[in-house]
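To keep things clear, I will list the structure first and then write my remarks on it.
The values are calculated or read from the model by the stated rules, or taken from the named source; none is laboratory data. Quantities reported herein were computed from a predicted structural model and do not represent experimental measurements. Heads up, the Cβs are rebuilt from the backbone with ideal geometry, glycines too, and the neighbour counts pull from every protein chain shown. These area figures cover heavy atoms from the full protein model, side chains too; ligands, DNA and RNA do not enter into them. Shrake-Rupley method; radii C 1.70, N 1.55, O 1.52, S 1.80 Å.
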Amino acid sequence: MERTVDRINLPLSQVRLWDSLMDLARIGALPNGGNDRQALTDRDAEGRALFQRWGEAAGLTLTVDRVGTMIFHRPGRDPSRKPVAIGSHLDTQPTGGKFDGPLGVLAGLEIMRALHEAGIETEAPLLLINWCNEEGARFAPPMSGSGVAMGIVPEADILATRDLAGHVFGDALRRIGWQGTADPAALREIGAYFELHIEQGKRLEEAGLTIGVVDRALAQIWYEITVLGEEAHAGSPMAGRRDAMMAAAALIASLEDIAETAVGEGGERGRATVGVLKAEPASRNITPGRVWFSLDTRHGDTAQLEAMGTRIRARADALAAGRGVTIQVSEFWRAPPTPFDPVLVDRVQAAAEARGHAWTRMPTAIYHDAVYCARAVPAALVFCPCHGGISHNEAESITPAWAGAGLEVLADAVLATAGLAAPRTGPA
């Protein structure tokens, strides 16, 4: 392992990073302190424009690719070297927080600002990326920009995606004026990718740690489940009903046990989440004849994840037979377990040690653009704590000190990877 990373004498400003986070949060601000800046809305466009102004003031050159990802460029002394990239996203959930995504983008901006002020040149070029539609709140699936760039999702499919109101991704991107001409695939030439993100969990805070050195991402399988029964009057006897909602409720109630008993190496357990549920005909005094719900399952052990799916299907079959309904379990999306680059992970750990920040190695159960990047280029992900593990919520919060620690570790790992150019001597 590379045990040392030099602390770079760079004029990083924790205060300026925090002020930038607060300035951005005024765009799409919500009454309870959060943000609604969903992808490809007017508020997203306004946030992008502010980010553009900030980046250009720091001497960066902007390009935008065909799926709306913003890429700032800073030249290096050696243009033949592959660029080192920093990135995350500026879009939010409908009732999101101030830090999920923007922290990583604006920490990268602070590094660029400090380099610009100090007149420091890196050997390799640097990129600063705002990936388009990471959240997938309006246009599903999530991580559209990084998915296309890394060759995981077809560009045409993303551009043709529709939101629940029927709006088309490509049309919305053009409407807000942020469809560029750059080829997303060019980002597969990144030499290294780094991302700073809030943990969105309690582990760091509860352990009194400041930095999470993320070494892998858990595997995921998403399902769509449809229960078909028979509509009946609410006054009809309970016996003999083919109530789709009651069958769905029984299946959903079994998911906690299925996840908790899927035990992998080191005692790691599964995760199961029902995020969306729809009942038809949606009348107060009719038993639903059709219920649809989403199911997100996750585990670090692929065998245990597949076993969870097998148990879910078996439970669905038993409930269908016992209740006289039909239950369809369809796989919607899956992602493999993904390791981060060991050299870059070691470099992040060394940076945390050099700065004196308490750290731990840990997985991420949550997908980020860094995970898609790790499937195509060397990548690393850095976590800082968030209060109570609360995220995708207006109450999401962190401290300036946590943000500053993440900034320091990110900067040191990035610059150790990009290399600092030797001072020029003689006539320019």
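Given the residues 209, 251, which is the only one that is buried (at least 16 other Cβ atoms within 10 Å of the Cβ) and assigned by the TED database to the domain that holds residue 293?
Numbers: 209 fails: assigned by the TED database to the domain that holds residue 293.
Of the residues listed, the single one that is buried (at least 16 other Cβ atoms within 10 Å of the Cβ) and assigned by the TED database to the domain that holds residue 293 is 251.
Go through the stretch 212-242 and give me each residue that's of a type outside the set (Phe, Trp, Tyr) and open to solvent by less than 20 Å² (accessible area, probe 1.4 Å).
Pass one, the stretch 212-242, residues of a type outside the set (Phe, Trp, Tyr): 212-221, 224-242.
Correct list: 212, 213, 214, 217, 218, 219, 220, 221, 225, 226, 227.
Can you pull out every residue in the stretch 95-108 that is of a type outside the set (S, T, N, Q), more than 12 Å from residue 196 (Cα to Cα) and in contact with a Leu (Cβ under 9 Å, 6 or more places away or on another chain)? Break it down stepwise before answering.
Step one: filter the stretch 95-108 for residues of a type outside the set (S, T, N, Q), giving 96-108.
Filter once more, so that each one left must be more than 12 Å from residue 196 (Cα to Cα): 96-98.
Those that are of a type outside the set (S, T, N, Q), more than 12 Å from residue 196 (Cα to Cα) and in contact with a Leu (Cβ under 9 Å, 6 or more places away or on another chain): 96, 98.
Which pairs have Cβ atoms under 8 Å, sit 6 or more apart or on different chains, and link a residue in the stretch 73-88 that is in the same structural domain as residue 190 (by the TED database) and at pLDDT 95 or above to one that is surrounded by fewer than 20 Cβ atoms within 10 Å (Cβ to Cβ) and of a type in the set (Asp, Glu)?
Every condition considered, the pairs that remain are 76/121; 76/123; 77/121; 77/123; 78/123; 81/123; 82/189; 83/189.
Show the residue pairs meeting these rules: Cβ distance below 6 Å; 6+ apart or different chains; first residue within the stretch 159-179 and touching a residue at least 24 places away in the same chain (Cβ under 8 Å); second residue open to solvent by 30 Å² or more (accessible area, probe 1.4 Å) and in a loop (DSSP other than H, G, I, E, B).
Listed by first residue and then by second, the contacts come to 163/138; 173/179.
Please enumerate the residues belonging to the stretch 30-51 that are under 15 Å from residue 393 (Cβ atoms) and either of a type in the set (A, V, I, L, M, F, W, C) or assigned to a helix (DSSP H, G or I) (or both).
30
Among the residues of the stretch 322-359, write down those that are open to solvent by less than 30 Å² (accessible area, probe 1.4 Å) and closer than 15 Å to residue 299 by Cβ.
335, 338
Filter the strands (runs of 3 or more DSSP E) completely within the stretch 170-251 down to those with at least 2 residues that are more than 19 Å from residue 338 (Cα to Cα). Steps first, please.
Details: elements: 192-198, 211-217, 219-228.
Of the strands (runs of 3 or more DSSP E) lying wholly inside the stretch 170-251, those with at least 2 residues that are more than 19 Å from residue 338 (Cα to Cα) span 219-228.
For residue 147, indicate whether it is touching a residue at least 40 places away in the same chain (Cβ under 8 Å) and either open to solvent by 20 Å² or more (accessible area, probe 1.4 Å) or in a helix (DSSP H, G or I) (or both). It would help to see each step written out before you state the result.
On the way: touching a residue at least 40 places away in the same chain (Cβ under 8 Å): yes; either open to solvent by 20 Å² or more (accessible area, probe 1.4 Å) or in a helix (DSSP H, G or I) (or both): yes.
In short, yes.
Please work out if residue 57 is open to solvent by 60 Å² or more (accessible area, probe 1.4 Å), among the hydrophobic types (A, V, I, L, M, F, W, C), more than 30 Å from residue 164 (Cβ to Cβ) and without any contact (Cβ under 8 Å) to a residue 60 or more places away in the chain.
Values: open to solvent by 60 Å² or more (accessible area, probe 1.4 Å): yes; among the hydrophobic types (A, V, I, L, M, F, W, C): yes; more than 30 Å from residue 164 (Cβ to Cβ): yes; without any contact (Cβ under 8 Å) to a residue 60 or more places away in the chain: yes.
In short, yes.
Identify the residue in the stretch 360-418 that is among the aliphatic types (A, V, I, L, M) and in a loop (DSSP other than H, G, I, E, B) and, among all such residues, is surrounded by the fewest Cβ atoms within 10 Å (Cβ to Cβ).
Within the stretch 360-418, the match that is surrounded by the fewest Cβ atoms within 10 Å (Cβ to Cβ) is 395.
How many of the residues making up the stretch 281-305 are surrounded by 14 or more Cβ atoms within 10 Å (Cβ to Cβ) and either among the basic types (Lys, Arg) or more than 22 Å from residue 362 (Cα to Cα) (or both)?
First, pick out the residues of the stretch 281-305 that are surrounded by 14 or more Cβ atoms within 10 Å (Cβ to Cβ): 286-302, 304-305.
The next check asks that each one be either among the basic types (Lys, Arg) or more than 22 Å from residue 362 (Cα to Cα) (or both); those that pass are 286-295, 298.
Count: 11.
Within the stretch 26-54, take every residue that is open to solvent by 10 Å² or more (accessible area, probe 1.4 Å) and hydrophobic (A, V, I, L, M, F, W, C) and give me the one that is farthest from residue 138 (Cα to Cα).
54
Can you find, within the stretch 313-352, the residue that is farthest from residue 222 (Cα to Cα) among those that are among the charged types (D, E, K, R) and not in a helix (DSSP H, G or I)? Spell out how you get there, then give the answer.
Taking the stretch 313-352 and keeping what is among the charged types (D, E, K, R), we get 313, 315, 317, 323, 331, 334, 341, 346-347.
Subsequent filtering for residues that are not in a helix (DSSP H, G or I) retains 331, 334, 341.
Numbers: 331: 6, 334: 6, 341: 26 Å.
Across the stretch 313-352, the extreme among qualifying residues is 341.
Of everything in the stretch 258-294 that's among the basic types (Lys, Arg) and in a strand (DSSP E or B), which residue is farthest from residue 164 (Cα to Cα)?
Of the residues in the stretch 258-294, the ones among the basic types (Lys, Arg) are 269, 271, 278, 284, 290.
Next, only the ones that are in a strand (DSSP E or B) stay: 269, 271, 278, 290.
On the way: 269: 33, 271: 27, 278: 13, 290: 19 Å.
Taking the candidates together, the pick is 269.
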